[in-house]
């Protein structure tokens with residue numbers, strides 16, 4: 001067993017749920033500090049994923065583990081592929097592991113940054129719907145990628161990421177974006193969690209008009225709970241959070257329940273109007289605007305039946321179908337999907353230029369709370385502090401989709417946006433490695449615009 005990879009079975013995306021998270025590099029993502037158990041300075045969620053990770057850490061100290069306990073902890077398919085002695089060999093190699101941080105990628109998988117034998121690794125763990133371990137992988141983190149030295153290099157490297165890509169690097173002037181460089185910058189592609197920029201814009205605009213306030217309380221109810229990423233789905237029914245708390249979680253850790261709470265408060269049609277305004281009114285595929293829970297249900301419950309019935313309707317019929325059928329799907333019936341699914345039909349859509357306009361629209365609202373929310377997590381972009389102020393970031397991902405968008409202001413007051421979108425309808429991404437590449441390209445684009 002070499003030091004680069006200690007693997008039992010690929011987690012891959014066999015347990016994946018869409019929107020995440022994440023959907024940015026695990027080592028660059030902050031972890032929520034509430035409702036979790038602290039281990040070696042890290043935060044392990046109090047969920048089936050967290051329980052599985054705690055068991056792995058404990059089992060590593062007392063190998064060999066008996067067959068009965070292995071059967072109680074691992075999915076049958078995993079045990080059929082990996083013999084008990086191989087599992088125990090790997091668990092024994094994990095002895096002494098120290099967890100430094102934990103990032104929940106989606107409902108079925110997490111990534112923990114760990115130390116073992118003086119080296120840093122990423123431990124990826126997946127569970128099935130019953131909470132049984134379906135994958136376990138220990139590997140060295142991907143090396144940071146070099147920044148591109150020219151626009152031509154940036155474009156070549158982006159094209160190598162996926163069959164469908166697009167990007168824009170633009171300067172923001174008022175509500176407008178002046179492209180400096182781009183490729184397929186006006187082509188609309190699936191957004192994943194970047195749709196949350198438009199949700200935030202709707203909420204902030206309503207607050208500015210006096211409809212409610214940042215400290216207005218929202219109530220978490222069963223019908224508004226979604227699936228991870230996030231932590232609000234784990235709070236008891238009836239718990240309350242403020243609009244500001246939900247907005248911070250929606251952007252910083254891509255909390256899906258927080259998103260649906262805000263959509264409910266602002267109104268679905270209000271978010272649709274924001275999307276029409278910031279996408280120049282051309283994107284009708286966002287109507288009706290899906291909540292994250294609805295997207296999970298359409299792609300992960302009784303697939304493809306619900307998806308096909310939904311897509312067969314016109315806009316009015318789809319609204320009724322969401323209310324009459326999709327709203328009644330229990331969360332427990334939603335399963336993960338391992339490969340890209342309905343990326344061109346059941347998603348949220350905008351172009352790189354549209355996303356730039358969303359950044360510009362948020363900035364134009366001139367609310368200090370927006371800057372506080374948007375700068376909480378820069379995904380590890382790490383622009384030089386002597387030249388740039390804190391960057392804003394939002395990304396989006398699901399199997400076959402990985403998007404990143406940043407805005408940053410120079411010390412002399414010029415604001416720029418970089419948005420990169422990658423779609424592979426045929427296969428999921430290696431999110432860590434692809435994320436590192438997109439980060440490097442974004443970092444390079446900011447440098448090229450001000451050189």
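A count restricted to region 357-380 and to residues that are touching a residue at least 12 places away in the same chain (Cβ under 8 Å), assigned to a loop (DSSP other than H, G, I, E, B) and surrounded by fewer than 22 Cβ atoms within 10 Å (Cβ to Cβ) stands at 6. Considering the conditions (1) modelled with pLDDT of 90 or more; (2) closer than 23 Å to residue 397 by Cα; (3) in the same structural domain as residue 50 (by TED's automatic domain parsing); (4) surrounded by fewer than 19 Cβ atoms within 10 Å (Cβ to Cβ), residue 123 is excluded by exactly one of them, (4). Within region 127-154, the set of residues being under 17 Å from residue 76 (Cα atoms) and outside any loop (DSSP other than H, G, I, E, B) comprises 127, 133, 134, 135, 136. Criterion applied to 250, 275 was being on the phi < 0 side of the Ramachandran plot, crowded, with 18+ Cβ neighbours inside 10 Å and in contact with a strand residue (DSSP E or B) (Cβ under 8 Å, 6 or more places away or on another chain), and the one residue passing it is 275.
Region 244-354 holds helices (runs of 4 or more DSSP H) entirely within its bounds, and those carrying 1 or more residues that are in contact with a helix residue (DSSP H, G or I) (Cβ under 9 Å, 6 or more places away or on another chain) and in contact (Cβ under 8 Å) with a residue 40 or more places away in the chain map to 256-266, 268-278, 292-300.
Candidates 326, 263: the one that is buried (at least 16 other Cβ atoms within 10 Å of the Cβ) and over 17 Å from residue 193 (Cβ atoms) is 326. Would a scan of region 186-195 turn up a residue that is assigned to a strand (DSSP E or B), in the same structural domain as residue 379 (by TED's automatic domain parsing) and either more than 24 Å from the chain's Cα centre (by Cα) or surrounded by 16 or more Cβ atoms within 10 Å (Cβ to Cβ) (or both)? Within region 186-195, one or more residues are assigned to a strand (DSSP E or B), in the same structural domain as residue 379 (by TED's automatic domain parsing) and either more than 24 Å from the chain's Cα centre (by Cα) or surrounded by 16 or more Cβ atoms within 10 Å (Cβ to Cβ) (or both). Flag not set for residue 342, criterion: assigned by TED's automatic domain parsing to the domain that holds residue 445, closer than 25 Å to residue 222 by Cα and at pLDDT 95 or above. Scanning region 172-180 finds one or more residues that are part of a loop (DSSP other than H, G, I, E, B) and either modelled with pLDDT under 95 or within 19 Å of the chain's Cα centre (by Cα) (or both).
The values are calculated or read from the model by the stated rules, or taken from the named source; none is laboratory data. Quick caveat, the model's predicted, so the values are computed rather than measured. Ideal geometry is used to build each Cβ from the backbone, glycine not excepted, and the neighbour counts take in all protein chains shown.
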